[in-house]
1. Give a residue-ordered list of calculated ³J(HN,Hα) values for segment 248-259 (Karplus: 6.51 cos²θ - 1.76 cosθ + 1.60, θ = phi - 60°; whole Hz; x for Gly, Pro).
2. About the Cα centre of the chain, what is the dipole size in debye to 20, counting +1 per Lys and Arg Cβ and -1 per Asp and Glu Cβ, all else neutral?
3. Can you pull the one-decimal nm distance between simple spin-label points at ILE358 and ALA333, each 7 Å off the Cα toward Cβ?
4. Counting other beta carbons within 10 Å of each Cβ, put THR133, THR145, THR118 in order, fewest first.
5. In which sequence would ILE43, ILE358 go, from the one with the fewest C-beta neighbours within 10 Å to the one with the most?
6. Rounded if a/c is under 1.5, else prolate if a/b is larger than b/c, else oblate: which is segment 310-389, with a ≥ b ≥ c the root eigenvalues of its Cα gyration tensor?
7. Give me the tail of P(r) for the chain as a percent: Cα-Cα pairs with distance above 40 Å.
8. Which value in deg cm²/dmol, rounded to the nearest 500, describes the helix-derived mean residue ellipticity at 222 nm for the chain, given -39,500 (n - 2.57) per DSSP H run of n ≥ 4 and division by the residue count?
Amino acid sequence: MRTKVAIIGAGPAGLLLGQLLHAYGIDNVILERQTPDYVLGRIRAGLLEEGTVALLDEVGGGARAHREGLVHGGIELAFAGSRHRIDLKAATGKTVMIYGQTEVTLDLMNARHAAGLTTIYEAADVKPHDFDTDHPRVTYVKDGTSHEIACDFIAGCDGFHGVSRASVKPSAIETFERVYPFGWLGILSETPPVSHELIYSNHARGFALCTMRSTHRSRHYVQCSLDDHIDQWPDDRFWDELKLRLDQETADKLVTGPSIEKSIAPLRSFVAEPMRFGRMFLAGDAAHIVPPTGAKGLNLAASDAYYLAVALREYYIEKSAAGIDHYSEKALARVWKAVRFSWWMTSILHKFPDTGTIGARIQLAELDYLVASKAASASLAENYVGLPY
Ligand code: RFL
Ligand code: PHB
C-alpha cells in the first residue's frame with residue numbers, strides 16, 4: 001500500500017490530523033493498535049478551547065459538539081472555605097466547552113468513515129522505518145500477516161507510550177520531565193453536576209475538581225497517593241472524601257450515586273524536543289504530556305495537528321518545505337506555554353508532600369491575590385481559554 005502520510009494512532013491527534021489532511025486533499029492512512037470500541041472507552045479529557053471546536057468545525061465534525069456541548073464563561077476556585085469565580089468571558093471574550101474526549105473521538109471517527117478514509121484498527125507491531133531518508137515506510141501485522149505502507153511522511157500520533165518517539169535514536173532527542181508526587185482519582189457518575197461551572201478546590205486534604213460531561217453526568221477528581229489502588233476507593237469513600245474537600249454549600253448540594261467508571265492517573269509534565277525527525281513528525285501526547293489541571297492535553301493535540309496539517313499543505317500545494325521546517329519550533333512554542341500554565345495550576349492547587357505549612361500558606365496567598373487582582377485573573381483566564389495559534 002502507498003499513501004502520502006501514514007498516521008500512527010487514532011486518538012484525537014491522529015484523527016484530527018487525518019481529517020484536516022483530507023480537507024486539504026492529502027491522502028492518509030491511520031494505523032491503530034486497539035479496536036474502535038477500546039479507543040472510545042477511554043474516559044479522559046472533557047474541556048475544549050474555542051480553537052479546538054473551530055478545528056472540529058473545519059473538518060465538518062463539530063455539529064454535535066455545538067448541539068450537546070456545554071458552553072462555560074467561567075470557572076470557580078475554592079479555597080479557605082469559599083468559592084471565587086473567574087469570569088473567563090469578561091476577561092478574554094472567549095468561552096470553553098465541556099464535550100468529552102470520547103465524543104470528540106466518535107465524531108472524528110464518523111467523519112473519517114463518511115469520507116471513506118482508511119483506518120486499520122488492531123494493527124499489531126506497528127513500526128516506522130527509514131524516516132531519515134526520502135522513502136519512509138511503516139510496517140505492521142494484521143491478523144497474523146505482515147504489511148508495509150510506503151509513504152512520503154509519517155505522523156507519530158501514538159500517545160505517550162507509542163512506538164514513534166521510541167524509534168528515534170536517543171542522540172537526536174532531548175526530553176524534559178517532571179513526575180508529580182501524587183495522582184488523580186477520577187469517577188464518572190450518572191448524577192447532575194453540583195454547579196453549572198467547574199470548581200477547582202485547594203484543600204488541606206488535597207485537591208478536588210468537580211466537572212461534568214453533560215447536565216446529567218458528572219466527573220469528579222480527588223488528588224490521591226501514587227500508591228493508591230482503585231480497590232481502596234469504594235464509591236462511598238470517594239464521595240465522603242470529595243465532600244470534605246469542598247466548601248460547605250457545595251458539599252451540601254452534591255448529589256452522589258454509583259460510579260460508572262473509576263481510574264487513577266499519574267500527573268506528569270513531559271516535553272520531547274524536537275518534534276520532527278527527518279520525515280517523521282510527532283504530535284500530541286507522543287511529544288508532550290501535561291498534568292490535567294489546566295485541561296490542556298487534548299487541546300494541545302489539536303493545535304499540533306493543525307500546525308502539522310498546514311505545514312504539509314504548504315509542502316504539497318505550494319511546493320515549499322518552509323512549513324515542515326518550522327513545524328517543531330512553532331508547535332513547541334505553544335506547547336511550552338501550556339506546560340508552564342499546567343505546572344503552575346498544579347502547583348497552586350495541590351497538596352505537596354514536601355513544601356510544608358509555609359508552602360500551603362503561600363498557595364493561599366497566591367489564590368487570594370489571583371481572585372482579587374484583575375490582572376492576575378485575566379492572565380489565568382487568557383491561558384485557560386487557550387493561547388492563540
Ligand atoms: P492518545 O489519546 O493517547 O492517542 C494515541 C493513540 O495511539 C494508539 N497507539 C498506537 N497505535 C498503533 N501502534 C502503536 N504502537 C501505538 N501506541 C499507541 C493508542 O491506542 C491511541 O489510540 O494521544 P493523542 O491523540 O495525542 O491525544 C492526547 C489526549 O488523549 C490527552 O492529551 C488527554 O486525554 C490527556 N488527559 C487529559 N487531558 C485533559 O485535558 N483533561 C483530562 O481530564 C485528562 N485526563 C488524560 C486524562 C490522559 C490520560 N492518559 C494518557 C492515561 C486521563 C488519562 C488517564
Ligand atoms: C474533565 O472534565 O475531565 C476535566 C476538566 C478540566 C480539567 C481536567 C479535567 O482541568
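Please treat every number below as a calculation from the coordinates, not as lab data. Computed from a prediction, not measured in an experiment: that's the story for all the values here. Cβ sites come from the backbone with ideal geometry, for glycine too, and all protein chains shown count toward neighbours.
1. 4, 4, 5, 4, 5, 7, 4, 9, 9, x, x, 6
2. Working: 40 positive and 47 negative charges, 89 e Å.
Computed about the Cα centre, the dipole is about 420 debye.
3. The two pseudo-label positions are separated by 3.9 nm.
4. Numbers: THR133 10, THR145 7, THR118 14.
Exposure proxy ranking, most exposed first: THR145, THR133, THR118.
5. Details: ILE43 18, ILE358 8.
Fewest-to-most ranking of ILE43, ILE358: ILE358, ILE43.
6. Details: a/c = 5.85, a/b = 2.62, b/c = 2.24.
Since a/c reaches 1.5 and a/b is larger than b/c, the shape of segment 310-389 is classed as prolate.
7. Numbers: 12113 of 75466 pairs.
Tail fraction, whole percent: 16.
8. Values: 13 runs with 148 residues, N = 389.
It comes out at -11500 deg cm²/dmol, rounded to the nearest 500.
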